[in-house]
Structures are given as structure tokens and as C-alpha cells.
Amino acid sequence: MICPVTIRIEERKSLLLSRVYPGKGKPAVKVGASVAETDIIAHCEVSAGQRLIKIAHVLGVPASEVRNFLTRKVGDRIYEGEVIARKKAFLGLGKTEVKSPVDGMIEEIDERGDVILKFLPKPVRLVAGAAGTVKEIGEAKITISAIATKVSGFVAAGHDREGMISVIAGSKDFILPSTIKADSEGKILIGGALLERAALEKAVTLGVEAIVAGGMNFRDFENLSGGDIGVTVMITEGFGTASMGEDIWQFFKKKEGMVGFIFGKENHIIVPEIGARQGSEQSTSPPWRELSVGDKVRFFREESSDLVGVVKDLPGEQILNSGVFAEVALVVFPSGEEMILPAANLGIIA
């Protein structure tokens, strides 16, 4: 019986990596240019937000009169420590001043007499992140063709992010709050048979970029579908307690300290090969092949968390409960349950 093959780890493939501008950007490269991992490909400006300054309240004046006391007008830049508003006391005896707490630009004065100060944009240099060739330059991103390894998961949720790969647990360990250390900020954390909710909450607090684990309780994962929580999560095996496959765990162990790019909506991670150039990619495995005893397979059942199992036997053709005559396989799941399943509903995990 022939089944589709899902290749979980596609090593040294020619892949397209999109580097999105973090703000308004100007490219520093041209299409066709060769770049190294640390080459600057764009110069960007990022605004960190805005600050509200209660001018009318501090000076004790009506909102309609705030403009009369400002030392700058709307649209002007002002720097931290400079006076943004001043009111002289009666008969000139003393004065009340309001100083700018940050570098910014006066964007607006609202109906309450508050000044909205927009932070001045900070320059950010966007680096390539991978050695390769610039294929496309768009309004908001630069696409690079690079040699990289693609690791596909079972499910994922969250925005696209990047960070240094850090293996924090063995393939069979639970990821507890104590597992996530204070130096995890900006990293992609790898490992574990179960990602606990409390650990995920701690990761959000510490500024972790992403977590890749073998399993996660379905209800906890379902809560991530409402929107991005600040951390991208990828589950490699299935819901519930599921040890991360040794193939994936060993791969990330070898790549520890390297930069990875995780794509929550597309459910995969890309790890560029350092210094690799076009022409060094490996050949692709066939997308279909004969099902064999011992194959790891995936079978989807909404009513169960048993999604990944191992083929124990191939009895041949049988009549199913539905009355359909089909080729079947005996699959054993991590829970110990065994089921006769139609081969047409199985996918081989390579």
C-alpha cells in the first residue's frame, strides 16, 4: 500500500527566507547580490510608540489654553529634559515647568489638554540572517535564497519570529516554569514531552521568542488560536504528553547556538546553514512510498489525542465498519491502544 510521506526534517534545501522590515526601511543591497549571514541588507527606522503628558493637569490651566504655555508646537521635535511647557506664577514670582521625559515629536494635543509625544524613530540595521542570494526586494521585505534545513511540526501558533536556538530539556522531560531560565530572552527554546501552561506564561514574561516541544495539552493550545500572545509555539508530535522525536531533538542539539526562524502560520522552522551557497543542497525524498511495519504514521481523529502511532502489522485488505473494502494497517498509539485503520487515512512521517 502506497502512502504520502511527510518529511519532518528537510536538510540542506534551497529555501526562500523573507526578511521583513521592522519599520520603515531602505534596502542596502540589490537583486542578485550575494550576502553573508551578518551582512546589512536594509536600514530601517522603528518607532517604539508614544507617551501621554498631562500638561493641563500639571499647570492647572484649562485644556483650551494649553497651546499658550507650550515651548514647542505640534510637529516639533523635543529631547529628553527639555522644557515642553512653562507657566509663570502670579506677578512673575516663580514658575511651573513640564519637561519632556523622552526624545520625541509633539504629535497632538487632545481635548483634555494632554500632549501626545511620539517617540523618535530609532535606526535599526536589518541583517541577512543567512548566506545566499537576494532574489526579490519588496516594499516591506527582502527575500533571500539560501541553503537551510526546514523542520516541520504537527501544529503551531503565533507570529513569525527569530532567535538563537537553545535546548532546555531532554526529549522526554516536561517543560516546567523552573526549566525556563532568566537568560531565555530572545531565544527559541527546544525540548520536552509536555509544555505546561505555567511555563508558557513565564516565557511570555521573560521575552522568549518561541518554544518547540513534543506535546501540549489541547485546551492550552486551543487558547493560543485567539491571537498572538508574544511567544510562538510549535508542537512536533501531538496533543497531550508526547516525547519529542529523537530525530528532531538531535537535530536541534547539533544546531544549538545558531539562529533559527520560526513561522507560526506555516508550522515550520528554518535553520540556515552557515556559509552554505547554492548548489550544495541535498536531493529530495519521494513524496510517496510503500507503507512498512515499523513506520511512524499520523492518523487524525477529532475525538482522541492519539494522533501519531507506529505500524505494528499490515493485514492486507479487510472490510471496515463502514462496509468499505480497503487495505488496512494495525497501528499502535503511545497510549497502548491498537487500531485497524485504512491505509488511505495514514501519512508516513519520515
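Values as computed for the structure displayed
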| quantity | calculated |
| --- | --- |
| Residues (of a type outside the set (A, V, I, L, M), part of a loop (DSSP other than H, G, I, E, B) and modelled with pLDDT of 85 or more) located in the stretch 262-295 | Gly264, Lys265, Glu266, Asn267, Glu273, Ser292, Gly294, Asp295 |
| Answer from Leu126, Leu93, Leu117 - the residue that is over 30 Å from Leu16 (Cα atoms) and at pLDDT 90 or above | Leu117 |
| Members of the stretch 209-261 found to be at pLDDT 90 or above and small (Gly, Ala, Ser), listed by number | Ala210, Ala213, Gly214, Gly215, Gly230, Gly257, Gly260 |
| The stretch 207-259, residues that are charged (D, E, K, R) and touching a helix residue (DSSP H, G or I) at 6+ places or on another chain (Cβ under 8 Å) | Asp220 |
| Flag for Arg161 being among the basic types (Lys, Arg) and within 13 Å of the chain's Cα centre (by Cα) | yes |
| Meets criteria (of a type in the set (A, V, I, L, M, F, W, C) and assigned to a loop (DSSP other than H, G, I, E, B)) for Val208 | yes |
| Matching option when the condition is free of Cβ contacts under 8 Å to residues at least 60 places away in the same chain, over 22 Å from Phe252 (Cβ atoms) and in a loop (DSSP other than H, G, I, E, B), among Glu222, Glu139, Glu201 | Glu139 |
| Options Gly230, Gly129: the member that is surrounded by fewer than 16 Cβ atoms within 10 Å (Cβ to Cβ) and part of a loop (DSSP other than H, G, I, E, B) | Gly230 |
| Residue within the stretch 310-321 that is at pLDDT 80 or above, buried (at least 18 other Cβ atoms within 10 Å of the Cβ) and either within 30 Å of Gly129 (Cα to Cα) or not small (Gly, Ala, Ser) (or both) present | yes |
| Check on Ala213, crowded, with 18+ Cβ neighbours inside 10 Å and in a loop (DSSP other than H, G, I, E, B) | no |
| Filtered residue count, the stretch 179-195, keeping only those that are touching an Asp or Glu at 6+ places or on another chain (Cβ under 8 Å) and not in a strand (DSSP E or B) | 5 |
| Test for Ile84: is it at negative phi and surrounded by 15 or more Cβ atoms within 10 Å (Cβ to Cβ) | yes |
| Yes/no for Lys141 being surrounded by 12 or more Cβ atoms within 10 Å (Cβ to Cβ) and touching an Asp or Glu at 6+ places or on another chain (Cβ under 7 Å) | no |
| Strands (runs of 3 or more DSSP E) enclosed by the stretch 1-104 - at least 2 residues per element that are out of contact with any Cys (no Cβ under 8 Å at 6 or more places or on another chain) | 2-6, 9-20, 40-46, 50-53, 83-88, 95-99 |
| Residues of the stretch 322-337 satisfying the condition of being modelled with pLDDT of 80 or more and within 26 Å of Arg219 (Cβ to Cβ) | Val331, Val332, Phe333, Gly336, Glu337 |
| Among the candidates Ser47, Ser100, residue that is in contact with a Gly (Cβ under 9 Å, 6 or more places away or on another chain), at pLDDT below 90 and either surrounded by 14 or more Cβ atoms within 10 Å (Cβ to Cβ) or among the basic types (Lys, Arg) (or both) | Ser47 |
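A quick yes/no check of all residues on (1) under 30 Å from Gly138 (Cα atoms); (2) hydrophobic (A, V, I, L, M, F, W, C); (3) touching a Lys or Arg at 6+ places or on another chain (Cβ under 6 Å):
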{"site": "Ala42", "(1), (2), (3)": "yes, yes, no"}
{"site": "His57", "(1), (2), (3)": "no, no, no"}
{"site": "Phe69", "(1), (2), (3)": "no, yes, yes"}
{"site": "Thr96", "(1), (2), (3)": "no, no, yes"}
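The values are calculated or read from the model by the stated rules, or taken from the named source; none is laboratory data. Treat the numbers as computed from the prediction; the structure is a model and nothing was measured. Cβ sites come from the backbone with ideal geometry, for glycine too, and all protein chains shown count toward neighbours.
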